[in-house]
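What follows draws every value from the coordinates through simple rules; no lab data is involved. Just so it is clear, the model here is predicted, and its values are computed rather than measured. Because the Cβ atoms are built from the backbone with ideal geometry, glycine has one as well, and the counts that use them run over all protein chains shown.
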Amino acid sequence: MDVIEVTNLSTAFGSKVVHNNLNLTIKENEIYGLLGPSGCGKTTLLRKMVMLENVGEGSISVLGRELNTITQNQAQKLRESWGVLFQFGALFSSLNLAENIARPLVEYTTLSQKEIDEIVRFKLDIVGLKQSDAKLFPSEISGGMGKKAALARALVMDPKLLFLDEPTSGLDPISAREFDKLIVQLREMLQLTIIMVSHDIRSICDTLDRFAVIENTTIAYEGNLKGIKDAKSSFIETFFKEIYE
């Protein structure tokens, strides 16, 4: 089942064309990557998928909803079907970790404080944080802990889709590999479909089922690692040099 379909999508900022007639599909329960050189429009595409930017020319369908024609009420309901982990976490500095994780529940549900506290404790546990970490503030924790806290917040509404923008960026190699393992475990545990922007070659090889490479405004390749050697792309040949060799 396709949970996201991008059809004939084009994007331009003034005279600069970023996307030219992109087409891709993301299937249920897979970890799908958006790859390509810096400035190719990976994050822009992800932002369009989560309605942080207008779709513009072409179409994007998410969970059967066409984003160009969706109503305001439908859009709000759809937003509750996904979680987003931004590149730098985007935690609120004035809130402790528990308050950060709980924020979507406070904003969008009528749950009691006791119910919210129980959910927060569970989300802390599944991302590998200690219950004692809940009262810490973002300024008091490491980058890895911040990523996990932001991930717990992205999961707090029990989403069907999880969007990750450079999830291992800024992490040391050991923390990055631990985060990769966590992502794969959560996909199986929660039956998630995960869409991830990444430059991390190890993360790409260890986590992704399929991916699209955006190069020179178009999709240079869509598929899995097995087929990458047949792709005709200077970026792919350079980026995946270890695999080619």
Out of E178, E237, E222, I need the residue that is assigned to a strand (DSSP E or B) and surrounded by fewer than 20 Cβ atoms within 10 Å (Cβ to Cβ). Which one?
E222
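When segment 64-108 is examined, which residues are found to be more than 21 Å from L151 (Cα to Cα), surrounded by fewer than 15 Cβ atoms within 10 Å (Cβ to Cβ) and hydrophobic (A, V, I, L, M, F, W, C)?
Across segment 64-108, the qualifying residue is only A75.
Would you confirm whether or not segment 41-60 contains a residue that is under 20 Å from M196 (Cβ atoms), acidic (D, E) and touching a helix residue (DSSP H, G or I) at 6+ places or on another chain (Cβ under 7 Å)?
yes
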Filtered residues of segment 112-142 (kept if touching a residue at least 40 places away in the same chain (Cβ under 8 Å), surrounded by 12 or more Cβ atoms within 10 Å (Cβ to Cβ), under 15 Å from N96 (Cβ atoms) and within 24 Å of the chain's Cα centre (by Cα)):
F137, P138, I141
Applying the selection to segment 163-175, what residues are assigned to a loop (DSSP other than H, G, I, E, B), over 14 Å from V127 (Cβ atoms) and touching a residue at least 40 places away in the same chain (Cβ under 8 Å)?
E166, S169, G170
